[in-house]
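Every read-out reported here was derived from the displayed coordinates using simple, explicitly stated rules and does not represent laboratory data. Being a predicted model, the structure only gives us computed values, none of them experimental. Here the Cβ positions follow ideal geometry from the backbone for every residue, glycine too, while neighbour counts run over all protein chains shown.
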Protein chains: 2
Amino acid sequence: MNHRIILTALFLLSCNLMFAQKEDSTMLRKIFDEALTNGACYENLRSLCKDIGPRLSGSDGAEKAVKWGQEVLSKIADTVWLQPVMVPHWVRGEKESATVRLSDGSTIPVDICALGGSVGTAGKTVSAEIVEVFGIDELEKLGEEKLKGKIVFYNRPMEPRLISTFEAYSGCVDQRSSGAATAGKFGAVAVLVRSMNLRDDDLPHTGVQRYSDDVKKIPAAAISTNGAKMLSKKLREDKQLKVDLVLSCENLPEKLSYNVVADIRGSLYPDEIILVGGHLDSWDLGEGAHDDGAGSVHSIEVISLFQALGIRPQRTIRCVLYMNEENGPNGAKEYAKQSLENNWKHLAAIESDRGGFSPRGFSIDGTENNKFRTLEQIEEWQDLMAPFNLRYLDIGFGGVDIGYLRDQNVPLIGFVPDSQRYFDFHHASNDVFEGVNKRELELGAASIASLVYLLDKYGLKTDAN
Amino acid sequence: MNHRIILTALFLLSCNLMFAQKEDSTMLRKIFDEALTNGACYENLRSLCKDIGPRLSGSDGAEKAVKWGQEVLSKIADTVWLQPVMVPHWVRGEKESATVRLSDGSTIPVDICALGGSVGTAGKTVSAEIVEVFGIDELEKLGEEKLKGKIVFYNRPMEPRLISTFEAYSGCVDQRSSGAATAGKFGAVAVLVRSMNLRDDDLPHTGVQRYSDDVKKIPAAAISTNGAKMLSKKLREDKQLKVDLVLSCENLPEKLSYNVVADIRGSLYPDEIILVGGHLDSWDLGEGAHDDGAGSVHSIEVISLFQALGIRPQRTIRCVLYMNEENGPNGAKEYAKQSLENNWKHLAAIESDRGGFSPRGFSIDGTENNKFRTLEQIEEWQDLMAPFNLRYLDIGFGGVDIGYLRDQNVPLIGFVPDSQRYFDFHHASNDVFEGVNKRELELGAASIASLVYLLDKYGLKTDAN
C-alpha cells in the first residue's frame, strides 16, 4: 500500500514536472517567436547607431543616448530613472597621424588612432626611433638605456589558436591598457600598440589605457594590424627608421552623466531583482553597434518582450543601461554602491557585452561559493534551451559592469554569443549598425529573455541574499 | 581475489581509456592549431573565388575550377583523378530586367534575376498582369481562368520563427523549384518568385527550377525581398498593374565535366573509405564563396591537415569535389553509380555545404537502420568536441551530394555551421570571398578533420558495409 502511494506520488510528480516543462517550452517558443517577428531591438539599434551614433562618456552623443534610453524605456517599463555618475571626458581632437620615416628619407603613412585617455603630442610632432617588443615584460630587460627617447612598439598579436577570441584578447590587452604607463617609466616618448584584432586589415582599434600617477604621461596610439606588420618588416630592414606621431587628444574635466535604470515591478517578490544590462556608452570611432549597442537593445528588449507577451513577473525585472563601461567603469561602480546602500536584493545579474552575434549560451560567474550552484541550476534548463541552439553553459566571465556586484554575492551571468568575429569590429570605425545581423540580434534578446523568464519563475537556490 | 582482479582490470581499462582520451584531445588540439595558424583553406578560397570566380556547370569557370581542384589536390593527396560526368549548360545571357508598369503609366524598375534552367523571353518583353500567391497550392484553387496570360508572383516569405534557416528554406523553396512548372500548367506566361532570403534587401537570389516535360516552359525569375514587398504593396493599390519581363537566358546542350576525387590511402584498411566532400560548381552571380567554395576548401583542407601533421590514416581518406550540385546533381549521381559498380566501401561520408560560418557540430543522416547508431557513437566523442564549441550533434540532413550514397547504406554526416546568415548570401551576387571570415572557415575545416580523425581511428559499429 505504502509502495503504491509512493508510486502514485512519483507519477503525479513526474506529470507535474512534464507539464511544467511543456509550459516552459511553450513560453520560450513564444518569446522567440515574438522577438523574431515583432521584436523592436533591431530598429532600436538602428536608432541608437544612426540617430545618435558614437557616445563616448562625456560626449554630446552620450548625453543624447541617456535621453534616448530613458525615452525608449519609458514606453515599456513600469518605472524609469536616472542614476547620476561622474564620468571622464576625453576627446580625440582633430589630428592624429603617424608616418614611418625611413633612413633613405622616404615616408610611409600608417593607420593609427589615439588610445582612450591618452595625452596628445602638445601641438608638436613626436619623432623617434622604434623599439619593437612583444610584451610588457620585455621592457624591464631592455631598461632605460635602450628605451629612453624611443617610441615603444608593442606588437604581440592576439593568439589565433585560442577558440574563444575573448581569451586571446585577455592575453594581450595589457599592452594597450598599461603599455604607456610602463614605457613612460623607462623614459620612452610614446607607444604604438598593435590593434586587438585577429584579422589583417587597415583599421586601428582604440580602447582604454591608463597612466600611473607617478610616471610621465606619454602619448599612446593603436596601429592597425596591417600597419603593425609593415612596421615590423621595415624595422628588420632599417633599424634606424623613425616614426612621426601627432595626436591632438586631451583629457577634459569630468562630466555628470547617468545610468538609465528601468523596472517591471515583481508581482510577488518586488524586492527581488533580476538585473539585465548592457552599456550605453561606446568608443568614438564607429557607432558602438556590437559594443555595446547590441547589449543595450538586448536589455531593453527583455522588458519589451515581457510586456508584449503579458508576462507579469513574480520578481522585479530591471534593465540597466550602464554609462562609462569603456573608460570607467564609473557607472558600474555607482550602481553597485547604490545597491549596497539601498540593500537591493539581486537574484541574479545578466550582462550582454559580447556583441550581437548568434547566441551560444551563458557563462556563469559570481563568488566561489555561489557560481557552481548557479551553473547546476541553470543546467537543469538545458533541454529547454537546446532547441534554440543555446548549448553552451559553463563557468566563465559574467561581464565588466555586473562584476561590481560580485562582492554583494550576486550570481552573475554573461550572455555568450559566437565570439569569432567580435574583434573584427571591437573599438574600430567599422563597428556600425550594418555589421549586425537582424536575426542574430533578435535571437540574442530572446535568449536572454528566456533565461530571465526561467530565473523569475523558479528562482535560484543560491545563498545570494 | 576474483573481485580484486576485476577491479584491477577495470582500473587498467579506465587508465587506458583516459590515456586514449588524452591522446585524442591532444591530436584534436593539434588539428585546430594547425588549421588556425598554418592552414591553407582561406587562401585556397581566395584563389577559387578570385582567380576563377563563378563556376556554374558547363561554364568556362567550372572547367577552370576542375583543373584548379586537381592541381591543388595533386600537391597534397596520394592520388587524384577526374570522374567524367555530363552536366547541364544553362547561360544567363546579357539581358534580364523587370519593370512594374502602373495603371497611371509610371514605371518602377525591380531587381530580378533569371532562375537557373529558365527559358528566356525569346527576344521579346513578356508584359502581363500579376497574380500574387503565397504558395503553390493556391494555384489549383485559382485555376486557368484566373491565371491564364498572367505572371504568377510567388510571395511566401521564409518563416522567420524557425531557428534553423535551412528549415525556413525547405518551407518555401518549392515556389522556386516547381513554381514555373505549376503555373505553366494553368496558362501563366511567367513567374516571379520572392528570393529565398530572410533579410530585406535588393539582391535577387537565383537557384534551380525545373519544368515538367508535359507543360509549356515559361520564364522564371527571382525578385529581391525589397522588390517583392514593393510589388505586393503596389498590387494592393493597383490590381491592374503590369510587369514587363525580359530574360535572355537559355539552355544549351549538355557538356562534359568532372568530379575531382583525391585519396590518402589507408595504411591498414585501404578499402574502407571515409569520404569528405563539397561541391565545386556554384551559381553564376557571385563567387560561390559560402556556397560551396567553403565546403570545397574545407574538404581539401582535411587532406592538407592530415599530411601537414603526419597523420597516416588507417582507412582511406577521400576528398570529393562534386560537380553540378546546383542544377544537377549529376556529379553526385555519377559518384554513387561508380561506388556501386566498383563496390566501394564507405565507412562514412561527410558533406560541407552550409557555408563557411562558425561551426556548431554535425547532423547525422543515413538509413533508418544506421543513423541512430551512428549518432550514438559520435556522441561518445562529445567531450572531445566541446572545447572547440562543437556542441550540436543530432539526427538531421547530411547533404545533397552524399545523399546519393544512402541507398548503399553509408552513414551520412552533415557539417553544421551557424545557419543564421547563410541565406543573406545564398545564390546571390554578394556570395563573394569577402563575406567569409578567415577564422570561421578554418575552424570549420578543423572540425571536419577532427571528426575524420576519430572516425578513422575508431571506425563505426554500424552495419554500413
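What the table shows:
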item	result
Index of the failed condition, residue B:168 passing every other in (1) away from every other protein chain (no Cβ under 14 Å); (2) in contact (Cβ under 8 Å) with a residue 40 or more places away in the chain	(1)
Residue B:450 more than 17 Å from residue B:41 (Cα to Cα) and among the hydroxyl-bearing types (Ser, Thr, Tyr)	no
Test: residue in the range A:146-155 that is at positive phi, surrounded by fewer than 16 Cβ atoms within 10 Å (Cβ to Cβ), in a loop (DSSP other than H, G, I, E, B) and more than 14 Å from chain B (Cβ to nearest Cβ)	yes
Among residues of the range B:364-389, those that are within 14 Å of chain A (Cβ to nearest Cβ), buried (at least 19 other Cβ atoms within 10 Å of the Cβ) and without any contact (Cβ under 8 Å) to a residue 60 or more places away in the chain, counted	1
Of all residues making up the range A:394-447, the number that are under 26 Å from residue A:202 (Cα atoms) and away from chain B (no Cβ under 13 Å)	7
Residue in the range A:302-312 that is surrounded by fewer than 24 Cβ atoms within 10 Å (Cβ to Cβ), touching a Ser or Thr at 6+ places or on another chain (Cβ under 7 Å), more than 13 Å from residue A:45 (Cα to Cα) and not β-branched (Val, Ile, Thr) present	yes
Unique residue being without any contact (Cβ under 8 Å) to a residue 60 or more places away in the chain and either crowded, with 21+ Cβ neighbours inside 10 Å or away from chain B (no Cβ under 14 Å) (or both) when the list is A:7, A:102	A:7
Among (1) away from chain B (no Cβ under 14 Å); (2) at negative phi; (3) surrounded by 15 or more Cβ atoms within 10 Å (Cβ to Cβ) - the single one residue A:124 does not satisfy	(3)
Members of the range A:12-42 that are without any contact (Cβ under 8 Å) to a residue 40 or more places away in the chain and either in contact with a Cys (Cβ under 6 Å, 6 or more places away or on another chain) or away from every other protein chain (no Cβ under 12 Å) (or both)	A:12, A:13, A:14, A:15, A:16, A:17, A:18, A:19, A:20, A:22, A:23, A:26
Condition met for residue B:361 (within 12 Å of chain A (Cβ to nearest Cβ), part of a strand (DSSP E or B), in contact with a Leu (Cβ under 6 Å, 6 or more places away or on another chain) and touching a residue at least 12 places away in the same chain (Cβ under 8 Å))	yes
